[in-house]
Amino acid sequence: MITLTHYLVLTGILFSIGLVGVMRRTNLLMLFFSTEILLNAVNVGFVAVSKYYGDLSGQMFSFFIIAVAASEVAVGLGLLILWYKRNGSIDLNSLQMMKG
Amino acid sequence: MYEIIAFYIFSALTIGMFTIVVLSKNALYAMSALAGGMIFISGFFFILGAEFLGVVQITVYSGAVMALYAFGMMFFDTTRDVKENIKNKKIAYTLSILSAILILAILCAPFFSGAIQANYPSLQNTGNIQMIGLVLFTKYLVPFELAAIMLLVAMIAGIVLASKKMDLEEEMSEECDVVKEVK
Amino acid sequence: MEKFVYIALFAPLLSSLLVALFAARPKMLFTGILASALIGLSMVASFVLLIDVNANGALHVKMMDWIDAGNLHVPFGFVVDQVSVIMMVTVTLVSTIVHIYSIGYMDHDKSFNRFFSYLSAFVFSMMILVMSDNFVGLFIGWEGVGLCSWLLIGFWYHKHSASWAANEAFIMNRIADLGMLMGLFLIYWQIGSFQYDIVFAAVKSMDITIVTTIGTFLFIGAMGKSAQFPLHTWLADAMEGPTPVSALIHAATMVTAGVYLVIRCGELYTLIPHIGFAIASLGAFVAVFAASMALVNNDLKRIIAYSTLSQLGYMFVAAGLGAYWIALFHLMTHAFFKSLLFLGAGNVMHAMHDELNIKKMGGLYGSMKATAILMSVASVALAGIYPFAGFFSKDKILEVAFNHGAYYLWFALFIGAGMTAFYSFRLVMLVFFGEKEHPKYGIHPHEAQPFVIYALMPLGLLAIIAGFFEHSFEGFVTRLLSHYEVHLSHGTEWALIAGTSAIAISGIAFAIYMYSRGGFSKSLENRACYKLLINQYFIPKLYAMYIMRPFTVLSHFIWQKIDVKIVDATVDMIAKIVYGTGTKTRQMQNGNLSDMLRWMIVGMVVLLALAIFYRPMV
């Protein structure tokens, strides 16, 4: 029998994979992929909780998260393209204008 | 029984796909793996009886988002391997594993009491889509509309950012040079 | 009459504050005149009060509440009774003369104004000390005179020896003041009040051991101020100060504060005669001890300083044996002739261009007749020759010692009297008579200004006649202080007087005889006892070796090891930690997004850990 715990463990594993990506990747596009993984991991968790407690709020949250992710991709990609046009690189290490 | 088999298969597949996303050097592989992972995630949604979300996942992620990424990647040189100067891998893995353990410890701690009251309990004899429709257009109407506006804004922003300064490219890079010189 | 109390008390304060306004300015003659006039005013008020107290009895004034905290009530109150009015008159009289004298003496000093400010501040503190009706006020005055003494000894602060002597005096007094403070705390703890009348009423019914402890502690305070052995070394070194200061503070007034304290607490000390006897024994010891050092010293002012020490010893003998009025009487007469002696010495110093070695003087009578006569008068008074003032008071003290059956004390004082006579006239002979030594050093002495001499006249007069007031003084003072009965037959009394006079006269005669023939042979200077005396019994060296040196080593150790290596290091370490953390954590802000993300995740991990391990108190 698959319990809620199974889902939550899966969520944890996926989330950690996402974290590895966030820390490991320096290519901005790959970083976006990693954040997608993080969001999806959380979505799974929400839906699972929603199911096991018979509460629709979890699914609602997932729904909105998907919406947010979609807009994030739209804006993020726009910025990414802009940056690439300026610098010819989307490597994070070239993004050091904040250095004090 | 099928549920168990399906769960484990999907788990293995998602984890595998996402691991490829994170570790692969080739951007194209990574993107393909991500798209696959998204679809497998929707599999979980179907198992959990959230058909609506499963469909949304496939349409929005695998359809719209991945398409966007695919178009975005056209700007960049994707055939080449992604060169990344990765520092301190050990730190990254240690932190990730540490956080995974902590999250697991939190999630598996016996905090699930039976006392949790469902705010919007799923109704009997009603389909998932119908229930979501009921909740979404009653309790979550305002957030829903806001999300719609947000998506619109994001769309416009995406278009503007990606297209507007096409012809000003030269000028922009010059400006950037000036900034660098000043620094 | 109240207003006279305030005039007597606050005229010196006013003088000090007014003159202090000009302290940093170059010499202004009017500051000296103003200060002298105000002190003179205070003196007049004191005399008025003396007459009033004589007619109407003691006067008690409460100016205001001063300290009112918890169970502690200390009013700012003053009592003008027979004892304090005598002290007031003595203090203001000598102060006035010293002020006038200082106008001449400090004539060429560039800190003329500052000097008068300090001097008046001293008089104010002394007035507080003697007039206060409680121990706290007394203590404030006590510390005030200590402070002024420090300021005045170190008046020429650019001289290393002067500032050293000032610090020595201050620290010695501080040691003794600790004893006094302990006594005051004990009084408050046991009685709960500082008022003299309440305290003295309460001690009569108290446990004798506690009274003994209180008496001992108070006497330790008195020992410091009155420079009794073993805290005596500061007084001789205090001669580094200007001579009027030596005359006023270190001869006539401040050093007698200890005697005043014992007299004031007479009711306490009568309850504990064993302590009284200890005080008397110490006094007798100091009387001889100091006189013996004065025998061989060659420093003009130090000789007089040792003589002061010795006379303070006499006063303590009288006070310790319960003859309070005699102690007070000797205090008063001593103030007159000793300040005269000092001021005369000041004239000599001026004439000799600050030369202090009496071996280099001689034959000054020719050029400074008035000073010579005045100093001779003072010396005769000090030696105790009829009819001069010292005769009456000193003779009384010897009588008291004899009457008490303390023959050892009497004998010590008797020997002391002989020594006193000898060293006084050794001084006079070497300075004013005998061979002229000073032309060898190219010094041409001259007499002081006339007004200075006139200012000294009253003191000279008092040194001669003060003794004749003995009976009226006794009658006046014993209204407050206990009577002292002398149970000696007339024959014994006369024999004592004759004996004392005989030894005094023989001392004088010996001195005159020896020094008119050129003094002692040089070979004496190699004797062990001479060495002992000229080195002040090696006590300063002993202090330097066994107290100062270990203390210096200890201080150095604490500085080097504890302060630098522990305290400073700790402070430095805190700074270094902050600085080091700053340098290290600065790298976090390197502007690299990837590193920032990493830090973000570190933060997340920390928060997760907190969520698990941190359990807030319920």
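At a glance:
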{"quantity": "For B:29-41, mean number of other protein chain Cβ atoms within 10 Å", "calculated": "3"}
{"quantity": "Per-peptide average of other Cβ atoms within 10 Å, ordering C:562-574, C:285-297 highest first", "calculated": "C:285-297, C:562-574"}
{"quantity": "Number of partner chain Cβ atoms within 10 Å, mean per residue of B:12-21", "calculated": "4"}
{"quantity": "Spatially proximal lysines relative to B:Lys89 (Cα-Cα < 29 Å; intrachain offsets below 8 disregarded)", "calculated": "A:Lys99, B:Lys25, C:Lys584"}
{"quantity": "Helix-only [θ]222 nm of the protein assembly as shown, DSSP H runs n ≥ 4, -39500 (n - 2.57) each, per residue, nearest 500", "calculated": "-23500 deg cm²/dmol"}
{"quantity": "Accessible-area composition of the protein assembly as shown, carbon plus sulfur, in percent [1.4 Å probe]", "calculated": "70 percent"}
{"quantity": "Set C:Lys360/C:Lys541; C:Lys62/C:Lys225; C:Lys338/C:Lys396; C:Lys301/C:Lys360; C:Lys204/C:Lys394; C:Lys440/C:Lys522 screened for pairs whose C-alpha atoms are more than 22 Å apart", "calculated": "C:Lys360/C:Lys541; C:Lys62/C:Lys225; C:Lys204/C:Lys394"}
{"quantity": "List C:Arg302, C:Arg586, A:Arg86, ordered by accessible area with a 1.4 Å probe, largest first", "calculated": "C:Arg586, A:Arg86, C:Arg302"}
{"quantity": "Extension gain (nm, one decimal) between C:Met1 and C:Ser506, 0.36 nm per residue minus Cα-Cα", "calculated": "176.9 nm"}
{"quantity": "Solvent-accessible surface (1.4 angstrom probe) belonging to C:Glu399, in square angstrom, nearest 10", "calculated": "10 Å²"}
{"quantity": "Per-selection Kirkwood Rh - segment C:199-332 (Cα, Å, 1 d.p.)", "calculated": "14.9 Å"}
{"quantity": "³J(HN,Hα), Karplus 6.51/-1.76/1.60, whole Hz, each residue of segment C:153-166, x for Gly, Pro", "calculated": "5, x, 4, 8, 5, 6, 7, 4, 4, 5, 5, 5, 5, 4"}
{"quantity": "Separation of the C:Ile574 and C:Ile443 label points, Cα + 7 Å toward Cβ, nm", "calculated": "5.8 nm"}
{"quantity": "Nearest-10 value in Å² for the accessible area of A:Tyr52, using the 1.4 Å probe", "calculated": "80 Å²"}
{"quantity": "Cα-projected label distance for C:Val44 with A:Val68, points at 7 Å along beta-carbon direction, nm", "calculated": "9.5 nm"}
{"quantity": "Other protein chain Cβ atoms within 10 Å, averaged over every residue that makes up C:598-605", "calculated": "5"}
{"quantity": "Pairwise FRET efficiency - C:Ser205 versus C:Leu29, Cβ, R0 = 56 Å, nearest 0.05", "calculated": "0.45"}
{"quantity": "Cα-centred dipole magnitude for the protein assembly as shown, charges only on beta-carbon of K, R (+1) and D, E (-1), debye, nearest 20", "calculated": "1900 debye"}
{"quantity": "3J(HN,Hα) from dihedral phi, segment C:395-405, Karplus parametrisation 6.51/-1.76/1.60, rounded to Hz, x for glycine, proline", "calculated": "4, 4, 5, 4, 4, 4, 4, 5, 4, 6, x"}
{"quantity": "Potential extension, C:Phe185-C:Tyr365 segment - 0.36 nm per residue separation minus Cα distance", "calculated": "59.4 nm"}
{"quantity": "In nm, spacing of pseudo-spin labels at C:Ala498 and C:Thr478 (7 Å Cα→C-beta vector)", "calculated": "2.6 nm"}
{"quantity": "Which of C:His487, C:His446, C:His350 is most accessible, then next, and so on - probe 1.4 Å", "calculated": "C:His487, C:His446, C:His350"}
{"quantity": "Overall form of the protein assembly as shown per C-alpha gyration tensor (a/c, 1.5; a/b vs b/c)", "calculated": "prolate"}
{"quantity": "Extension reserve of the C:Thr552-C:Ala69 stretch, reckoned as 0.36 nm per residue once the Cα distance is removed", "calculated": "169.9 nm"}
{"quantity": "Shape call, segment C:383-473: gyration tensor on alpha carbons, a/c limit 1.5", "calculated": "oblate"}
{"quantity": "Given charges at Cβ of Lys, Arg, Asp, Glu: the protein assembly as shown dipole, positive-most of B:Ser163, C:Val262, C:Gly499", "calculated": "C:Gly499"}
{"quantity": "Under-5 Å amide H pairs with C:Gly434, H placed in peptide plane, nonlocal only", "calculated": "C:Gly363"}
{"quantity": "Accessible area per residue in Å² at 1.4 Å probe, computed on the protein assembly as shown", "calculated": "44 Å²"}
{"quantity": "Cα gyration tensor, segment B:1-83 - rounded (a/c under 1.5), prolate or oblate", "calculated": "oblate"}
{"quantity": "For C:Lys62, distant residues with modelled amide H under 5 Å away", "calculated": "C:Phe78"}
{"quantity": "Peptides ranked, highest mean first, by Cβ atoms within 10 Å: ranges C:431-443, A:29-41", "calculated": "A:29-41, C:431-443"}
{"quantity": "For segment C:460-466, Karplus couplings with θ = phi - 60° (6.51, -1.76, 1.60), whole Hz, Gly/Pro x", "calculated": "x, 4, 5, 4, 7, 9, 4"}
{"quantity": "Exposure of C:Met604 as accessible area (Å², to 10), given a probe of 1.4 Å and all protein chains", "calculated": "50 Å²"}
{"quantity": "Share of Cα-Cα pairs in chain C lying beyond 41 Å, as whole percent", "calculated": "31 percent"}
{"quantity": "C:Asp299, C:Asp52, C:Asp207, reordered so the largest accessible area comes first (probe 1.4 Å)", "calculated": "C:Asp207, C:Asp299, C:Asp52"}
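The values are calculated or read from the model by the stated rules, or taken from the named source; none is laboratory data. It should be emphasised that the depicted structure is a prediction, and the values quoted were computed from it without experimental measurement. Every residue, glycine as well, gets a Cβ built from its backbone with ideal geometry; the counts of neighbours run over all protein chains shown. Quick note on the areas: whole protein, heavy atoms, side chains included, nothing else; ligands and nucleic acids left out. Shrake-Rupley method; radii C 1.70, N 1.55, O 1.52, S 1.80 Å.
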